[in-house]
1. Tell me, please, whether a residue that is open to solvent by less than 10 Å² (accessible area, probe 1.4 Å), among the small types (Gly, Ala, Ser) and over 24 Å from B:THR177 (Cα atoms) can be found in segment A:13-26.
2. Checking B:ARG48 against (1) in a strand (DSSP E or B); (2) free of Cβ contacts under 8 Å to residues at least 40 places away in the same chain: exactly one of these is not met. Which one?
3. When only residues in segment B:1-12 that are open to solvent by 20 Å² or more (accessible area, probe 1.4 Å) and either touching a Lys or Arg at 6+ places or on another chain (Cβ under 7 Å) or in a loop (DSSP other than H, G, I, E, B) (or both) count, which is farthest from B:ARG96 (Cα to Cα)?
4. Being small (Gly, Ala, Ser) and more than 24 Å from B:ALA26 (Cα to Cα) is the filter here; which residues of segment B:130-178 pass it?
5. Out of (1) in contact (Cβ under 8 Å) with a residue 60 or more places away in the chain; (2) open to solvent by 10 Å² or more (accessible area, probe 1.4 Å); (3) under 22 Å from B:HIS179 (Cα atoms), the odd one out for A:ALA35 is which?
6. Test A:PRO60 against the stated conditions and say whether it is within 12 Å of chain B (Cβ to nearest Cβ) and not in a strand (DSSP E or B).
7. Please tell me if B:GLY130 is surrounded by 15 or more Cβ atoms within 10 Å (Cβ to Cβ), closer than 24 Å to A:LEU46 by Cα and in contact with an Asp or Glu (Cβ under 7 Å, 6 or more places away or on another chain).
Number of protein chains: 2
Amino acid sequence: MRRFLVIGHRASTSPTFPLDDLPGGAGRMDILLNAANAALHLAHGLRRDVEIAMVLLGPPDPPRLVRWLGHALRSYQPDIRSNAALLRRALGHGSRVERETSPGILASKASLEEALDRLGPAYVYLKESGKDIRGVDLPVDSTFVLSDNQDLTADEERAVLARGALVVGLGPLALHTDHAVALVHNELDRRLPWT
Amino acid sequence: MRRFLVIGHRASTSPTFPLDDLPGGAGRMDILLNAANAALHLAHGLRRDVEIAMVLLGPPDPPRLVRWLGHALRSYQPDIRSNAALLRRALGHGSRVERETSPGILASKASLEEALDRLGPAYVYLKESGKDIRGVDLPVDSTFVLSDNQDLTADEERAVLARGALVVGLGPLALHTDHAVALVHNELDRRLPWT
């Protein structure tokens, strides 16, 4: 199973974040939702063998973890505004006990470290200076860790590396998170046996 | 210069298309605007050596051509809602004479054939069955032709192929337009001399 984990450093943890201002008032929520689309959508249909997890660290009640499970999602659209509404519902659940707030969407109060422990089993940390993905032997069941438009903090990076993450780069230029997800998918798709 | 041309078969040609319903009422305008983001945005800043052209074929007044020139754009955001407002302004100009409706945005009434003739000089048609891009020698100044969520019609395909387009594929799965653009960029970025 392919998993992605995206850290939203300023992403709102309010269940009433503004749908009309995802980049501003919601703390670059557009980045997280575009990354989810890149993780889950094919031209025709969903990638059912994929999970994307978001760690939201903005005010007022961080940290939160929201997991989107491709095999169980229903009513998941390419429209990030619609998906933002699902995310708001997930943020309404602030308990440490994970709960399914909509089909295929799990919410809880959890830190990055706790999120990492629920994912795995292998980790790949996407970083510009990493080893070129085209030359890396990637574990089959990997969680790919990405950031929003801010680099991981030293503590966050330590948490990822402490779990034995491979450090992998995608090319010569720094990209938006969703485009990085699309590149990872393409590289892995090419390695599958298509018969 | 890298150029992309995206055909929006149902994309609205009304200067008052709804900003709150880009996927539905505006005719999958979200696809065109996400493709523009993938074409123009890096993590930090714009790709200045890129142009993306949209051919809009939906009601009420098709065909329209809107060109976004990376080197001349100002106030271009990652937020597709903001960019949709720029696109609405461009659609307010329905003359066959091309005019700059905002910095870096050119609008006119023009067909796909006319659009192709203003772009080029070489053409690459992205199609699932095409030759794998990783093994293709791509001309330096190419226009990459993509569709929205509908395949090109037979007539459209003929117009592209009549201009000697290479037919190139990106991988084993059909992708959203914006993710296809991201893959093309990455492949070309990797071929540049980074010294």
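The values are calculated or read from the model by the stated rules, or taken from the named source; none is laboratory data. Since the model is a prediction, treat every value here as computed from it, not as a measurement. Positions of Cβ are generated from backbone atoms using ideal geometry, with glycine treated the same way; all protein chains shown enter the neighbour counts. Note: areas computed on protein heavy atoms with side chains; ligands, DNA, RNA excluded. Shrake-Rupley method; radii C 1.70, N 1.55, O 1.52, S 1.80 Å.
1. Yes - at least one qualifying residue is present in segment A:13-26.
2. (1)
3. Taking the candidates together, the pick is B:MET1.
4. If the condition is that a residue be small (Gly, Ala, Ser) and more than 24 Å from B:ALA26 (Cα to Cα), then B:GLY130, B:GLY135, B:SER142, B:ALA154, B:ALA159, B:ALA162, B:GLY164, B:ALA165, B:GLY169, B:GLY171 are the ones that fit.
5. Failing condition for A:ALA35: (2).
6. no
7. no
To keep it simple, each residue is scored yes or no on (1) part of a loop (DSSP other than H, G, I, E, B); (2) open to solvent by 30 Å² or more (accessible area, probe 1.4 Å); (3) away from chain B (no Cβ under 14 Å).
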site	(1), (2), (3)
A:ALA107	no, no, yes
A:GLN150	yes, yes, no
A:ALA159	no, no, yes
A:VAL184	no, no, no
